[in-house]
Amino acid sequence: MKVDHVTSMAEVPADSAIFDGSHLYSGHAWLSFCERHDYSRPHHLVGRDDQGRILGMLPAYEISKEGHPRYRPGEALAGTLPESAHPDSRWFPGLVLGARTGNRNGLLDGTGPAAERTRVLGGLLDEALALAREQERRALWYLYLDAAEASRLRAAWPRAMPHFIDFELVIPVPESYEAYLARLNKLQRRNVGRERKAFAESSPELVRVPYDEDICPAIAPLLAKLQAKHGMPRTVEWLTERLRRQAVAMAGAGEVILLRRDGRLVAFVLMLRHGTGLYCISVGIDYELAARNDYFNITYYEPLKVALEKGLTSMHVGMGTAEAKLRRGAVPVPLWGLTETLGPAADIRREEVDHRNGRRLAEAREWCAARVQQPIDDLLWRTPDAATSDAADPAVRTSPATGGKS
């Protein structure tokens, strides 16, 4: 296999078969969006056969600094790392593998037999390790994979250390709103009904518009308000520019629901469609103008109407605020990260990380099981090591919880 080093997704055909069935966050458009960043630059690795056909791809970014705590390894993996490995100086400069930003990640290892996919991934990872060593980077990391994909990656990257991070919340979308309600328990149905009724009686002004550059200046101030409330202050100008770049990269895939009252913009939700999934990427709200039930309706129920209308099968509502999402029918999907340390963090003990993984995964599963209506899916909650045998079987690649390719 020949490995090409490319510095832009523009050099990779968007219609390549490696993107068939990919997640939003491992799709060509999203990876194109990821390339603009003040402290990183893309350095993707593309594997080809002797005829030039693309066999697989390893997105990669040479990074010196990361502003978002969710994408800083020392912070994102803090629950499984010793305290000495938390500082950024143990990881940066580093090499990010997979999408640099997003609530999920995926592999671009083709659709061939398991042994072929492992060989392709292994060759690309060897090239990434050589690059990291040549540039004297301190670590490589691949974050936010589900157990099945983490297992496939681990099979090709035995040196890597797996870390349980958190879980994504995904609402399965059935054939009708009534079927959605039927999945909830009696108390949950009553609460949803009360929230929907109060919202309808508040005379909301709802408008759906395409996600394009024109809408970004209007929604950025509300996004800034929400992020500031959650401890992530950003300027309106910075967020406007980021939204614009995202809109250009995701051209035609996005839609925004705007909520107005008396002609004033109160809240919005930004949705991206990919395959059979609807991804709720951003929510913004003016807390001074919003009514009591505006947040839950704009975040969950109005996007659900869109997903039902379009015949989609899953609605991805991200990480965090898990209890509120579980009460509204979400399914938890555990996410893992894999790391290989080369510099000062190379003394991390695998047995210590494995012990913390087991404890944190068991605690998270118990917490979720007490709050979900449907039974916990054992396939989603296994460790990458336990699921390695399944990863060898191409048939074990679709999760009933997410309704998409795992």
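The values are calculated or read from the model by the stated rules, or taken from the named source; none is laboratory data. From a predicted model like this one, the values you see are computed outputs, not experimental measurements. Every residue, glycine among them, receives a Cβ derived from its backbone with ideal geometry; neighbour counts consider all protein chains shown. Side chains are part of the model used for accessible areas, which takes the heavy atoms of the whole protein and leaves out ligands, DNA and RNA. Shrake-Rupley method; radii C 1.70, N 1.55, O 1.52, S 1.80 Å.
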Being open to solvent by less than 20 Å² (accessible area, probe 1.4 Å), out of contact with any Pro (no Cβ under 6 Å at 6 or more places or on another chain) and in contact (Cβ under 8 Å) with a residue 12 or more places away in the chain: is that true of G275 here? no
If we scan the stretch 178-198, do we find a residue that is in contact with a helix residue (DSSP H, G or I) (Cβ under 9 Å, 6 or more places away or on another chain), open to solvent by 50 Å² or more (accessible area, probe 1.4 Å) and assigned to a loop (DSSP other than H, G, I, E, B)? no
Restricting the first residue to the stretch 216-233 and requiring it to be over 23 Å from V248 (Cβ atoms) and free of Cβ contacts under 8 Å to residues at least 24 places away in the same chain, which pairs with a second residue that is surrounded by fewer than 18 Cβ atoms within 10 Å (Cβ to Cβ) and not β-branched (V, I, T) meet a Cβ separation below 7 Å and a spacing of at least six or different chains? P233/Q227
Which residues, counting only those in the stretch 312-342, are open to solvent by less than 20 Å² (accessible area, probe 1.4 Å), under 24 Å from F296 (Cβ atoms) and of a type in the set (V, I, T)? V317, V333
Pair list, Cβ under 8 Å, 6 or more apart: the stretch 1-17 residue part of a loop (DSSP other than H, G, I, E, B) and of a type outside the set (V, I, T), other residue at pLDDT 95 or above and open to solvent by 60 Å² or more (accessible area, probe 1.4 Å): M1/R119
Specify which of the listed residues (V207, V173) is surrounded by fewer than 14 Cβ atoms within 10 Å (Cβ to Cβ), of a type in the set (A, V, I, L, M) and within 30 Å of R245 (Cα to Cα). V207
May I ask you to list the residues in the stretch 364-386 that are closer than 28 Å to K186 by Cβ and open to solvent by 70 Å² or more (accessible area, probe 1.4 Å)? R365, E366, W367, A370, R371, Q373, Q374, P375, D378
Any residue in the stretch 292-309 that is free of Cβ contacts under 8 Å to residues at least 60 places away in the same chain, among the polar types (S, T, N, Q), open to solvent by less than 30 Å² (accessible area, probe 1.4 Å) and under 30 Å from E175 (Cβ atoms)? yes
Inspect the stretch 136-149 for any residue being touching a residue at least 24 places away in the same chain (Cβ under 8 Å), outside any helix (DSSP H, G or I) and small (G, A, S) and give the result as yes or no. yes
Unique residue being touching a helix residue (DSSP H, G or I) at 6+ places or on another chain (Cβ under 6 Å) and open to solvent by less than 10 Å² (accessible area, probe 1.4 Å) when the list is G94, G47, G98, G79: G47
